[in-house]
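Participant: Dumping the structure here so I can ask a few things about it.
Since every read-out is calculated from the coordinates, none of them should be taken as a lab result. Values in this document were obtained by computation on a predicted structure and should not be read as measured data. Quick reminder, even Gly has a Cβ in these numbers, built from the backbone with ideal geometry, and neighbours come from all protein chains shown.
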Amino acid sequence: MTDAADPSNYVRQREKGARDVSYPVSPEPLPIPVYDNHAHLEIEDGQGMSLDEHLLRAAEVGVAGVVQAGGDIESSRWSAWAAASHPHVLAAVAIHPNEAPMYAAKGMLDEAIAVIDDLAAQPRVRAIGETGLDFFRTEGEGLPAQFESFEAHIALAKKHGIAMQIHDRDAHDEVLETLERVGAPERTVFHCFSGDAGMARIAADRGYWLSFAGNVTFKNAQNLRDALAVTPRERILVETDAPFLTPTPFRGRPNAPYLIPVTVRFLAEELGMPLDELCAQLAANTRDVYGAFEG
Ligand SMILES: [Zn+2]
Ligand SMILES: [Zn+2]
């Protein structure tokens, strides 16, 4: 069997460099279960954990499920497989804005988007993501393909009636403008929200959701805490973007869904909200966007 025929075989390694690649200890369990709204569990980091180990370790601390996000054909197939075979996983599928120019250069962008279209028809694929614009890693001649891909993904989310997870890096105005121009899907999420309070207000006014990742805990991220402060509670989501963006005090080490409680406790503190109340709100918000995990 080839890798393409059996997506469960697919893994990627994260570059290790000089980091401490040991997994942090498990945090105290949350009083009410929440979900990790965006993770890349096909990427192996640290000592490596299998998908089952990730889910078990998460469940032990009150993290009841994970939305597994895709970024290219292989990882999107893996995401769909993971969701189809695990009741605590839902999938998002897409060609990432930094991958779109590479497919386009090979004349394969249309074909890649057709694969995403097929995957999006599966019942446990509940979002198109991650799609969007990234002016940090892509510039110049790569940008037309990025816009073309983003608009095609917006159309897919609408066609399938599912949510959309946006990746927006250094492209706030253009992302907002594109959504306004072509019309956003009914449930649009800014994954790893990276704007300020002004942008958070615009996004919330338009009915988008803001998903906060571990970087909200970083010292230099006051803009994210200001954004959080003005976001209506029913628009707040939480994610790891694992294995990246591990919250303070574990920054740089591997991230995983079982570390969501670290970020959730930080959000509760920032919002001045009782922890159980915030957990219940976050869980309800996740279900509003992606539907139920089980059944
Ligand atoms: Zn992203
Ligand atoms: Zn991501």
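Participant: Can you run phi through the Karplus equation (6.51, -1.76, 1.60; θ = phi - 60°) for the stretch 91-100 and list ³J(HN,Hα) in whole Hz, with x for Gly and Pro?
Facilitator: Each residue of the stretch 91-100 in turn: 10, 10, 10, 5, 9, 4, x, 8, 8, 3 Hz.
Participant: Let me ask something additional. Which whole number of Å³ per residue matches the convex hull of the alpha-carbon atoms in the stretch 122-272?
Facilitator: Numbers: hull volume 18.7 nm³, N = 151.
Looking at the stretch 122-272, the number lands at 124 Å³ per residue.
Participant: Could you give the size of the charge dipole of the stretch 34-290 about its Cα centre, using +1 on the Cβ of each K and R and -1 on the Cβ of each D and E, expressed in debye and rounded to the nearest 20?
Facilitator: The calculation lands at about 600 debye.
Participant: Going Cα to Cα from LYS16, which aspartates and glutamates come in below 16 Å? Please leave out same-chain ones fewer than 8 positions away.
Facilitator: Straight-line reach from LYS16, under 16 Å: GLU42, GLU44, ASP45.
Participant: Restricting things to Cα coordinates, could you compute the convex hull volume per residue of the chain in Å³?
Facilitator: Roughly 127 Å³ of hull volume per residue.
Participant: Can you tally the net charge around GLU239? Count Lys and Arg as +1, Asp and Glu as -1, for every other residue whose Cβ sits under 13 Å from the Cβ of GLU239.
Facilitator: Charge balance near GLU239 sits at -3.
Participant: Assign one of three labels to the stretch 204-295, namely rounded, prolate or oblate, based on the Cα gyration tensor with a ≥ b ≥ c the square roots of its eigenvalues; rounded applies when a/c is under 1.5, prolate when it is not and a/b is larger than b/c, and oblate otherwise.
Facilitator: Cα axes put the stretch 204-295 in the oblate bin.
Participant: Let me ask something else. I want to verify the translational diffusion coefficient of the stretch 95-190 in µm²/s; compute it with Stokes-Einstein, Rh as the Kirkwood radius over Cα pairs, at 37 °C and 0.692 mPa s.
Facilitator: Result for D is 250 µm²/s.
Participant: Can you pull out the GluC sites (Glu not before Pro) in the stretch 124-160 that DSSP calls coil and that have at most 16 other Cβ atoms within 10 Å?
Facilitator: Sites meeting the loop and neighbour criteria: GLU139.
Participant: Which GluC sites (Glu not before Pro) from the stretch 1-91 combine a DSSP loop assignment with at most 10 other Cβ atoms within 10 Å?
Facilitator: Hits after loop and neighbour filter: GLU15.
Participant: Would you pull out the residues with amide H under 5 Å of GLY62's amide H, same chain only if 5 or more places away, H placed 1.01 Å from N?
Facilitator: LEU30
Participant: Follow-up question, since we're still on this one. In whole Hz, what ³J(HN,Hα) sequence does the stretch 31-44 give by Karplus (6.51, -1.76, 1.60; θ = phi - 60°), x for Gly and Pro?
Facilitator: Once θ is set to phi - 60°, the couplings for the stretch 31-44 become x, 9, x, 10, 10, 8, 7, 5, 8, 10, 7, 7, 8, 7 Hz.
Participant: Can you check what the net charge comes to around GLY62, using other residues whose Cβ is under 15 Å from the Cβ of GLY62 (Lys, Arg +1; Asp, Glu -1)?
Facilitator: -3
Participant: Something else: Hand me the chymotrypsin sites (Phe, Trp or Tyr not before Pro) from the stretch 135-234 located in a DSSP loop with no more than 15 other Cβ atoms within 10 Å, in residue order please.
Facilitator: For chymotrypsin sites (Phe, Trp or Tyr not before Pro) across the stretch 135-234 that sit outside H, G, I, E and B with at most 15 neighbouring Cβ atoms in 10 Å, the list reads PHE136, PHE218.
Participant: What nm value, rounded to one decimal, do you get for the distance between ILE32 and ASN9 when each label is placed 7 Å out toward the C-beta?
Facilitator: About 4.5 nm separates the two model spin labels.
Participant: Search the structure for amide H atoms under 5 Å from the amide H of ARG12, placed 1.01 Å from N in the peptide plane, and list their residues when 5 or more places away or on another chain.
Facilitator: Result for ARG12 returns ILE43, GLU44.
Participant: Something else about it: According to a simple spin-label model (label point 7 Å from Cα along Cα-to-Cβ), what is the distance in nm between ALA59 and VAL25?
Facilitator: 2.4
Participant: With contacts defined as alpha carbon pairs under 8 Å and 6 or more residues apart, what's the relative contact order of the chain in percent?
Facilitator: For the chain, the relative contact order is 21 percent.
Participant: Also, I was wondering about something else. Using Cα-only point scatterers and the Debye equation, what is log10 of I(q)/I(0) for the stretch 201-242 at each q in 0.17, 0.29, 0.31 Å⁻¹, rounded to two decimals?
Facilitator: Normalising to I(0) and taking log10 leaves -0.44, -1.06, -1.13.
Participant: If you take every residue apart from ASP205 with its C-beta less than 14 Å away from the C-beta of ASP205, what net charge results, scoring Lys and Arg +1 and Asp and Glu -1?
Facilitator: Its environment carries a net charge of +1.
Participant: Can you tell me how much longer the chain between ASN220 and SER85 gets when fully stretched, taken as 0.36 nm per residue apart minus their C-alpha distance, in nm with one decimal?
Facilitator: Gain in length upon complete extension: 44.7 nm.
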